[in-house]
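Here's the structure we're looking at; comments come further down.
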There are 2 protein chains.
Amino acid sequence: MKNILILGAGLSTPSLIKYLLDNSTEFGWKVILGDISVQLAEMRIQGHPNGKVIKFDIFNDEQRAEEIKNADIIISMLPARLHYLVVRTCLKFKKDLVTASYVSAEIRNFHEEARENGMIILNEIGLDPGIDHMSAMRIIDNIKNFGGILKAFRSSTGGLVAPRYDNNPWNYKFTWNPRNVVIAGQGGAQFISYGSYKHVPYHKVFTRLQKIFIDGYGEFEVYPNRDSLKYRSEYGIDDIPTMFRGTIRKPGFSKTWNALVQAGVTDDSYIVENSDNLTYNKFINSFLRHKNGKSVEEKFAEYTGLEPDSFDMYKLRWLGLFEAEKIGLKNATPAQILQKRLEEKWKLEPEDKDMIVMQHRFEYEMNGLEHTLVSSMVVEGKDSVHTAMAQTVGLPVAIAAKKILLGEISLTGVHIPTKKMIYEPVLKELEKYGIAFKEQKS
Amino acid sequence: MKNILILGAGLSTPSLIKYLLDNSTEFGWKVILGDISVQLAEMRIQGHPNGKVIKFDIFNDEQRAEEIKNADIIISMLPARLHYLVVRTCLKFKKDLVTASYVSAEIRNFHEEARENGMIILNEIGLDPGIDHMSAMRIIDNIKNFGGILKAFRSSTGGLVAPRYDNNPWNYKFTWNPRNVVIAGQGGAQFISYGSYKHVPYHKVFTRLQKIFIDGYGEFEVYPNRDSLKYRSEYGIDDIPTMFRGTIRKPGFSKTWNALVQAGVTDDSYIVENSDNLTYNKFINSFLRHKNGKSVEEKFAEYTGLEPDSFDMYKLRWLGLFEAEKIGLKNATPAQILQKRLEEKWKLEPEDKDMIVMQHRFEYEMNGLEHTLVSSMVVEGKDSVHTAMAQTVGLPVAIAAKKILLGEISLTGVHIPTKKMIYEPVLKELEKYGIAFKEQKS
């Protein structure tokens with residue numbers, strides 16, 4: 001019997017846990033799920049005979065050591081900032097670790113120690129980062145093997161609401177951490193385009209849009225992500241003249257959102273005076289010029305350059321941002337106030353289903369000819385537990401953990417899934433779960 | 001004989017030093033000027049019999065103690081971040097201290113200790129902060145004394161080039177620290193307008209302009225300063241419905257500057273790759289969309305919303321920002337690259353003279369009637385040493401130091417010049433030097 005220790009039972013774990021439990025009898029696994037909330041963990045295990053729930057406190061050194069010592073592999077789904085605690089204990093007891101989080105500089109430094117211990121610390125094997133790395137590397141390696149020269153790589157991902165449930169004027173609902181959506185882009189963005197580095201300040205991010213099309217789903221828009229450059233070396237494409245990573249939204253989202261950015265409504269750097277008793281109308285007015293005889297709505301349209309009778313202004317009215325309704329949130333930043341309102345309006349209802357969209361576009365030369373390859377993935381949620389996000393984040397983690405336990409992934413050190421030994425079997429098995437890419441060449 | 005110790009012989013000190021030397025025989029003063037550069041200090045003292053130059057190293061604890069112990073008053077014109085060293089030694093030997101710098105929280109904490117020692121630490125008695133406080137408080141106290149109720153206070157200051165030498169299309173040259181000009185506004189701005197707090201993000205600061213007029217000098221524009229609210233309590237006007245502080249430029253400056261802000265050229269948060277060998281043309285291109293067949297200049301106009309044949313675009317061409325000339329600056333941020341170019345183009349020539357402009361606008365009710373009082377000051381530089389900046393920063397410091405030595409300012413503790421005992425005699429004497437306000441009531 002092998003013990004799999006899963007730390008954290010949050011929203012991204014149901015499909016991960018179900019996969020491991022479904023496979024537990026065949027492979028002889030005990031699945032131990034630790035969370036600070038026993039109730040939440042029990043909801044995930046649902047009394048499965050090979051499952052076990054423990055109340056787990058990451059800051060309890062003794063418990064952490066004891067549980068990790070007794071496990072054969074550890075899967076950490078805790079917030080990324082807590083991973084250093086898990087990693088250190090895993091190193092001490094020479095236990096393999098899998099996470100879906102970005103590799104921090106601190107964790108990268110453990111590479112040699114992990115190698116010497118003969119263990120793997122596999123990170124960034126969720127959706128984004130995760131499936132994006134694996135699906136891109138499969139194509140990049142393939143193009144290189146056939147002697148192709150990569151000229152451009154554009155990669156975009158978005159968490160959206162599935163078309164049938166996409167019934168609000170923003171074509172958007174929160175399917176993941178709302179705060180990340182509200183402050184998205186605040187560091188600006190950088191990418192490389194036809195050999196020239198491009199830098200985009202925050203207040204221009206939502207104007208630098210690209211269009212993509214996905215068969216059966218139509219048109220989407222993409223705004224640039226913070227840093228499109230850092231994966232060039234990880235992917236072995238340091239000299240690529242065009243590389244762009246972006247976030248996918250339905251058309252029209254970014255233009256209206258940009259009006260909020262322009263006015264300063266997404267600012268997270270100061271506390272709004274008296275935010276508790278202020279109305280949304282007065283809150284929005286705090287960004288606008290004083291003008292006698294003009295409504296806040298009229299002033300907002302003028303200040304942000306939107307047409308007063310545009311669909312964009314309708315979307316903002318629909319959010320209730322001009323209403324004389326109390327905010328009721330103490331000591332809040334503008335971003336926090338906006339988030340509160342959006343959480344009311346962009347709520348994913350229990351019967352709603354989410355959708356993950358990912359598309360890579362490669363341009364390359366081969367045998368003197370220019371080619372374009374577009375590879376697209378769409379995953380819809382099954383229900384409000386096994387969401388598209390839970391499937392696409394959790395299943396790659398689960399499959400990778402299985403492959404490590406079975407010895408099919410035998411790398412040691414700190415890794416992300418850019419190596420064929422990892423991405424090939426994981427992508428292959430993901431296809432069985434409907435997580436698959438469709439390719440179009442031209 | 002009284003010893004006056006001046007620390008720092010920088011650009012803001014010539015008029016300060018001249019004033020003290022000019023008065024030294026009458027009052028029996030010895031003026032000791034300490035700077036890390038003896039040559040610079042000697043240039044300021046010019047062999048005056050009552051002057052003495054010392055090579056002074058602020059980090060030499062022994063020397064600092066010795067010199068401060070032997071002085072009757074200390075004037076520190078060192079960078080503000082070094083003042084805590086000076087203050088501590090002054091407290092130890094119970095010596096009065098005058099500076100033109102903002103009071104830090106650390107220095108404010110010495111208030112009680114200074115009071116117990118029977119000494120004064122007088123700060124913010126230069127131009128801005130300094131003359132702004134004093135001239136505003138004189139009017140605010142006056143309005144209050146006559147039973148007036150203040151409704152609005154707008155205060156603006158600018159360092160510009162004197163009209164006769166104002167011969168470039170930006171109507172601007174660097175008369176002070178260039179870096180502060182390049183990164184001005186980056187924290188955004190806040191003020192209060194008709195009872196409503198107003199917040200302006202950086203990318204909107206140079207669009208939130210006010211117009212002012214000064215007799216004999218014409219029209220100016222004002223963009224909002226970072227924090228207009230913090231002086232409400234210092235000035236005893238906590239409940240004022242409108243309070244605005246701004247920076248003065250000649251008309252048209254802000255609109256063109258805003259195009260640089262919009263594109264991201266003033267960004268100081270990242271290093272531009274290969275900034276040494278890059279040309280200005282390619283540097284500007286790094287902010288713009290890739291478009292075949294369009295010049296960088298055409299793309300810049302389109303991206304920032306300027307008309308291609310506008311005067312604004314001429315001003316940007318005049319800066320040489322679209323030229324294929326190497327930048328030649330290693331590991332530089334966009335702001336540093338822009339500063340290098342501006343320092344070449346906005347250079348104050350030796351024969352040029354600078355100009356300080358300050359205007360307060362008060363609106364108040366008295367005896368049921370509404371009044372407006374506009375108080376304006378313009379000071380032009382005498383030459384390239386006794387600039388308007390050197391006079392307006394240095395003379396208030398010098399006069400205050402004299403008044404303290406003569407016992408006419410007898411306050412103890414940490415102060416800024418908002419009290420009548422300070423501002424009245426200082427403002428009165430400044431008038432003899434042509435640093436005077438003209439008032440217009442309506």
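Structure notes:
- Subset of the range A:295-314 [of a type in the set (Asp, Glu) and within 35 Å of the chain's Cα centre (by Cα)]: A:Glu297, A:Glu302, A:Glu307, A:Asp309, A:Asp312
- Taken over the range A:254-274, the criterion of being within 11 Å of another protein chain (Cβ to nearest Cβ), polar (S, T, N, Q) and in contact with a Leu (Cβ under 9 Å, 6 or more places away or on another chain) is satisfied by A:Thr266 alone.
- All conditions in (1) surrounded by 18 or more Cβ atoms within 10 Å (Cβ to Cβ); (2) within 30 Å of B:Lys420 (Cα to Cα); (3) of a type in the set (Phe, Trp, Tyr) hold for B:Phe206, with the sole exception of (2).
- Any hit, the range A:357-364, residues being modelled with pLDDT of 95 or more and more than 30 Å from A:His415 (Cβ to Cβ): no
- Here B:Pro251 passes the criteria (1) farther than 27 Å from B:Glu365 by Cα; (2) within 11 Å of chain A (Cβ to nearest Cβ); (3) surrounded by fewer than 21 Cβ atoms within 10 Å (Cβ to Cβ) except the one numbered (2).
- Residue in the range B:234-241 that is open to solvent by 30 Å² or more (accessible area, probe 1.4 Å) and within 11 Å of another protein chain (Cβ to nearest Cβ) present: yes
- Some residue of the range B:394-414 being at negative phi, open to solvent by 80 Å² or more (accessible area, probe 1.4 Å) and of a type in the set (Lys, Arg): no
- In the set B:Asn331, B:Asn292, B:Asn277, only one residue is surrounded by fewer than 19 Cβ atoms within 10 Å (Cβ to Cβ), within 12 Å of chain A (Cβ to nearest Cβ) and either out of contact with any Lys or Arg (no Cβ under 9 Å at 6 or more places or on another chain) or touching a residue at least 40 places away in the same chain (Cβ under 8 Å) (or both); that residue is B:Asn292.
The rows are residues; the columns are (1) of a type outside the set (Lys, Arg); (2) more than 23 Å from A:Phe206 (Cα to Cα).
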| site | (1), (2) |
| --- | --- |
| A:Val265 | yes, no |
| A:Asn274 | yes, yes |
| A:Lys282 | no, yes |
| A:Asn285 | yes, no |
| A:Leu288 | yes, no |
| A:Gly293 | yes, yes |
| A:Phe300 | yes, no |
| A:Glu307 | yes, no |
| A:Ser310 | yes, no |
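- Those residues of the range B:130-152 which are farther than 28 Å from B:Ala398 by Cβ, of a type outside the set (Lys, Arg) and in contact (Cβ under 8 Å) with a residue 60 or more places away in the chain, in sequence order: B:Ile143, B:Phe146, B:Gly147, B:Gly148, B:Ile149, B:Leu150, B:Ala152
- Number of positions in the range B:165-207 that are among the hydroxyl-bearing types (Ser, Thr, Tyr), within 21 Å of the chain's Cα centre (by Cα) and modelled with pLDDT of 95 or more: 3
- Residue check, B:Asp354 surrounded by fewer than 19 Cβ atoms within 10 Å (Cβ to Cβ) and either closer than 21 Å to B:Gly158 by Cβ or touching a strand residue (DSSP E or B) at 6+ places or on another chain (Cβ under 8 Å) (or both): no
- Search result, residues across the range B:401-412 that are touching a Pro at 6+ places or on another chain (Cβ under 7 Å) and not basic (Lys, Arg): B:Glu408
The values are calculated or read from the model by the stated rules, or taken from the named source; none is laboratory data. The structure displayed is predicted, hence computed values, not measured ones. Please note: Cβ atoms are built from the backbone with ideal geometry, for glycine as well, and neighbour counts cover all protein chains shown. Side chains are part of the model used for accessible areas, which takes the heavy atoms of the whole protein and leaves out ligands, DNA and RNA. Shrake-Rupley method; radii C 1.70, N 1.55, O 1.52, S 1.80 Å.
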